[in-house]
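Worksheet for the structure shown next.
Just so it is clear, none of the values below were taken in a lab; they were calculated from the coordinates. What you see is a predicted model; the values in this text were computed from it and never measured. A quick note on method: Cβ atoms are made from the backbone with ideal geometry, for glycine too, and the neighbour counts reach across all protein chains shown.
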Amino acid sequence: MVSDSLQDMYRRPGFLLKRCHQVSMAIFLDECSEFNLTQSQYGCLRALEAYPSVDQIALARLVGLDRSTAGMVIKTLSARGLIERVVNRNDKRRMRLKLSAAGKRLLISIAPAAARVQDRVLRGLPHGSRAAFLNILQAFLAGHDALIDVDEVLATVPAPDFEKTLPHPVARRHSRRKSRRSRPGL
């Protein structure tokens, strides 16, 4: 028998939302395991597909990540060669991001699995309740002023002024080793 205090916790919105997220994440990992990609990484790739050349700050806002998490996700995607970083001549700290050819291929490959994830997540509800469930979630976010306004996010992105695409991190390390060896006294 479940105690009243535990039963009370099980009915709290935060607990229920956390459990829903855990179920959704487990389904994503199950369906997409062969792609070695997290939901956050997938979200970033999809955002870059839709809005190429945004900076890290805008990408984080587009997918609802904090800056630190976005930085880790971007570093991982860059290391895997799925995105490219492009230096902005006007502000070297604000790199533009874009999908690489490998990132584009991965999104095409993962699309059927991502569709299965959506189906499996919503399959826990009666078919007639699925749209209402999504509408309630959106209303919840709207009520807390937490919907992502894409136009507002994109309005904060400075005009592009590209210098060059940074090479893949492995290529950069290799080129640094070469340049160190070629210097006298090293």
Legend entry - Long-range HN-HN contacts of ILE83 with modeled amide H, under 5 Å: SER78, SER100
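Rounded to a whole number of µm²/s, how large is the Stokes-Einstein D of segment 4-182 at 4 °C and 1.567 mPa s, given Rh as the Kirkwood radius over C-alpha pairs?
Calculated translational D: 70 µm²/s.
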Legend entry - Approximate spin-label separation GLU152-THR38, in nm, with each point projected 7 Å along Cα-to-Cβ: 2.6 nm
Legend entry - Amide H contacts of MET95 (H built 1.01 Å from N, under 5 Å, at least 5 apart or other chain): GLN56
Inset, instruction - Provide the gained length on full extension for the span PHE15 to ALA79, in nm with one decimal, where the gain is 0.36 nm per separating residue minus the Cα-Cα distance. - result: 19.6 nm
Inset, instruction - Under 12 Å from the Cβ of LEU48, count the other residues' Cβ atoms, weight Lys and Arg +1, Asp and Glu -1, and hand me the total. - result: +2
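Give me the percent relative contact order of segment 35-160, please, defined on Cα pairs under 8 angstrom at least 6 residues apart. Show your work: numbers first, answer last.
Values: 111 pairs, mean separation 34.6, N = 126.
For segment 35-160, the relative contact order is 27 percent.
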Legend entry - Under 29 Å between alpha carbons - lysine pairs in segment 4-182 that sit 8 or more apart or on different chains: 13
